[in-house]
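Report on one structure; see the data block that follows.
The values are calculated or read from the model by the stated rules, or taken from the named source; none is laboratory data. These figures come from a predicted structure and were not determined experimentally. So basically every Cβ, Gly included, is an ideal-geometry build from the backbone, and we count neighbours across all protein chains shown.
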Amino acid sequence: MNRRDFIKSALLGGIAMGASIPLLRPRTSRAEPVPDYDKRVLVNLVLEGGPDFRHLLVPEFSSDKESFGYKYWTSRSRSHRIAASNDRMESRWNEYLRTEYAGTIFGIHPKAEWLKSYFDAGKVALVNNVLHSRTRDHAHSLLVLQSGDYNTGPHDLARDGWGGRLAKACNGNVVSMTRNQLMFCNGPHPSNPKDHDNSMVISAGDTRNFALYSDPKLASEPGNTGTNAVLSRALRSYYQAKRDLIAPSSPFYRFIRHELTLRQLGDSINTRLNSIAEPETIKRLYENGQYQLANSGFGKQLRNLFDSFVCGDILNFRVGSLNLGGWDSHKRQIDAIEPKIEDMFGKEKGFDTFLSELKKTLPQAYANAVFVIAGEFGRQLAANGDEGTDHGRGNTMIIFGESVRGGLYGDLFPQTEIQRYAKPNTDIEGKTSFEHVFGSVCDWVQSDTGNLVFPARPDAIIEDGVNLGTLLTA
């Protein structure tokens, strides 16, 4: 991190800005054993643009014209880029990975082989008919999703997020893996509900370049007079001297203390990461290689996430924030979203690679991580004329991890939708509030936090027969 970036981050409150990260003793360069992180961690992935999970999860084709399987495939033939003939629709269905759960037969996209295998292992929960937003506006719906509050207004840009509220309730930290911090990370302001506090947020957009700048030649060449070496020594000496000169009552004292906290935190992280080699498979997620993702930026976020677990005790890591955009598939939906489906759920791709390496390196951390995937809304039931789908409100949420009791929660293909396919601009009916889904995960991370993070949950809607109290193991 260069000096300008450090100042910007400090002023924005995005890194180590409060008592939740104490001043640390600088670690020596001697490699130490990496502790297996044993605290429960929620990792939240926001899919910006409104993911069409009815393209990821499809019903079995049927030639019965009154069946869900026929209504879906005839209404969606354009977005699948096929003719609405029985032969072509059945052929397309046969490309999907046939899956069955409690009598419901459905297909998982062929580029999501890992998701299929993990679902079959009982570690993926598909929570259906979730009301993501009451509007189809992207910007407003993203605020609603990340704040976890349906009453968030379209101009409430500075308020807290549900991830920040959970971290606060856990007395832990949110680690942001993205280039730009999401509202999801914002902690609650002590007095203003329209504002936020970032004292529990750590920005880790590049964990391998996290620390304040220090010329790598300094240790081996103390007499180095190069520009970078001189600048590095000067800055370190300058802030060290200021700590002794500036009175604690000065408005500049907090800034000086931040510099020390950041320097010591960065040194500790560098020492820890230097003690364990970055797995080659993780590198391939964002560098050139056999398994490089279509979106290398998402691969880098997964690298940051892996490093955050390695440094979990240093970071007091309880909540992680990921982001993958580009899901607004009005046109050529196959081209728009199938590469992203593969990046996330493909064999030897994103989550398959990440979880395999985490399990191998830190088995306790692997066992204590739960992932939640959601977008700001879903898509409409029928395809449009441009091989895509338009904005809808309800959608499926995906939760996975070793502590997840997998399966279907809510009706994946409600029979009440059959008649609604004939109506234009119709979307999935939202029957379950996201407050129930997110709140159940919060309760798993730390007991009795769900209603603190989502105070409206007790009165929120939930689909008949759905019990999210069984979503995760105790």
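Residues to consider are 391, 436; find the one that is surrounded by 17 or more Cβ atoms within 10 Å (Cβ to Cβ), over 17 Å from the mean Cα position of the chain (by Cα) and closer than 23 Å to residue 187 by Cα. Show your work before the answer.
Details: 391 fails: closer than 23 Å to residue 187 by Cα.
Exactly one of 391, 436 is surrounded by 17 or more Cβ atoms within 10 Å (Cβ to Cβ), over 17 Å from the mean Cα position of the chain (by Cα) and closer than 23 Å to residue 187 by Cα, namely 436.
Rundown of residues vs (1) more than 18 Å from residue 376 (Cβ to Cβ); (2) more than 15 Å from the chain's Cα centre (by Cα); (3) of a type in the set (Ser, Thr, Tyr), yes/no style:
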| site | (1), (2), (3) |
| --- | --- |
| 159 | no, yes, no |
| 169 | yes, yes, no |
| 174 | yes, no, no |
| 179 | yes, no, no |
| 183 | no, no, no |
| 188 | yes, yes, no |
| 191 | yes, yes, yes |
| 196 | yes, yes, no |
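Search the range 394-433 for residues being more than 26 Å from residue 330 (Cβ to Cβ) and of a type in the set (Gly, Ala, Ser), and hand back the single one that is farthest from the chain's Cα centre (by Cα).
Per the criteria, the residue is 410.
Any residue that is part of a helix (DSSP H, G or I), under 29 Å from residue 371 (Cβ atoms), of a type in the set (A, V, I, L, M, F, W, C) and at pLDDT below 95 - is there at least one of those in the range 7-17? Can you show your working first?
Within the range 7-17, the first condition is being part of a helix (DSSP H, G or I), and the residues that meet it are 7-12.
Adding the requirement that they be under 29 Å from residue 371 (Cβ atoms) leaves 9, 12.
With the extra rule that they be of a type in the set (A, V, I, L, M, F, W, C), the set shrinks to 12.
With at pLDDT below 95 added as a condition, the list becomes 12.
Yes, because at least one residue in the range 7-17 is part of a helix (DSSP H, G or I), under 29 Å from residue 371 (Cβ atoms), of a type in the set (A, V, I, L, M, F, W, C) and at pLDDT below 95.
Of (1) in contact with a Gly (Cβ under 9 Å, 6 or more places away or on another chain); (2) crowded, with 21+ Cβ neighbours inside 10 Å; (3) assigned to a loop (DSSP other than H, G, I, E, B), residue 461 satisfies all except one. Which?
The one condition residue 461 does not meet is (2).
Any residue at all in the range 288-299 that is farther than 23 Å from residue 213 by Cβ, over 20 Å from the mean Cα position of the chain (by Cα), of a type in the set (A, V, I, L, M) and surrounded by fewer than 20 Cβ atoms within 10 Å (Cβ to Cβ)?
No: zero hits.
What are the pairs with Cβ atoms under 8 angstrom where one residue, in the range 262-273, is touching a residue at least 60 places away in the same chain (Cβ under 8 Å) and the other, located anywhere, is assigned to a helix (DSSP H, G or I) and of a type in the set (S, T, N, Q)? Sequence gap at least six, or different chains.
Close Cβ pairs (under 8 Å, with a partner that is assigned to a helix (DSSP H, G or I) and of a type in the set (S, T, N, Q)) amount to 269/207; 273/207.
Could you tell me which of the residues 63, 79 is surrounded by fewer than 17 Cβ atoms within 10 Å (Cβ to Cβ) and either at pLDDT 95 or above or of a type in the set (Lys, Arg) (or both)?
Values: 79 fails: surrounded by fewer than 17 Cβ atoms within 10 Å (Cβ to Cβ).
On inspection, the qualifying residue turns out to be 63.
Yes or no: the range 203-217 includes at least one residue that is under 30 Å from residue 141 (Cβ atoms), touching a Leu at 6+ places or on another chain (Cβ under 6 Å) and surrounded by 16 or more Cβ atoms within 10 Å (Cβ to Cβ).
No, because not a single residue in the range 203-217 is under 30 Å from residue 141 (Cβ atoms), touching a Leu at 6+ places or on another chain (Cβ under 6 Å) and surrounded by 16 or more Cβ atoms within 10 Å (Cβ to Cβ).
Conditions (1) in a strand (DSSP E or B); (2) among the aliphatic types (A, V, I, L, M), marked per residue:
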residue: 320; (1), (2): yes, no
residue: 334; (1), (2): no, yes
residue: 340; (1), (2): no, no
residue: 351; (1), (2): no, no
residue: 359; (1), (2): no, no
residue: 374; (1), (2): yes, yes
residue: 382; (1), (2): no, yes
residue: 395; (1), (2): yes, no
residue: 399; (1), (2): yes, yes
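Considering only the range 117-169, state which residues are in contact (Cβ under 8 Å) with a residue 24 or more places away in the chain, closer than 22 Å to residue 410 by Cα and charged (D, E, K, R).
Within the range 117-169, 123, 134, 149 qualify.
Scan the range 387-395 and give yes if some residue there is under 30 Å from residue 147 (Cβ atoms) and in contact with a Pro (Cβ under 9 Å, 6 or more places away or on another chain), otherwise no.
Step one: of the range 387-395, the residues under 30 Å from residue 147 (Cβ atoms) are 388-395.
From what's left, in contact with a Pro (Cβ under 9 Å, 6 or more places away or on another chain): 395.
Checking the range 387-395: at least one residue is under 30 Å from residue 147 (Cβ atoms) and in contact with a Pro (Cβ under 9 Å, 6 or more places away or on another chain).
What do you reckon, is residue 92 crowded, with 22+ Cβ neighbours inside 10 Å, modelled with pLDDT of 95 or more, in contact with a Phe, Trp or Tyr (Cβ under 9 Å, 6 or more places away or on another chain) and part of a helix (DSSP H, G or I)? Before the answer, list the steps.
Values: crowded, with 22+ Cβ neighbours inside 10 Å: no; modelled with pLDDT of 95 or more: yes; in contact with a Phe, Trp or Tyr (Cβ under 9 Å, 6 or more places away or on another chain): yes; part of a helix (DSSP H, G or I): yes.
In short, no.
Would you call residue 406 crowded, with 23+ Cβ neighbours inside 10 Å and closer than 28 Å to residue 172 by Cα? First the steps, then the outcome.
On the way: crowded, with 23+ Cβ neighbours inside 10 Å: no; closer than 28 Å to residue 172 by Cα: yes.
In short, no.
Check whether at least one residue in the range 168-186 is within 24 Å of residue 345 (Cα to Cα) and part of a strand (DSSP E or B), and report yes or no.
Within the range 168-186 (the criterion being within 24 Å of residue 345 (Cα to Cα) and part of a strand (DSSP E or B)), the answer is yes, since at least one residue qualifies.
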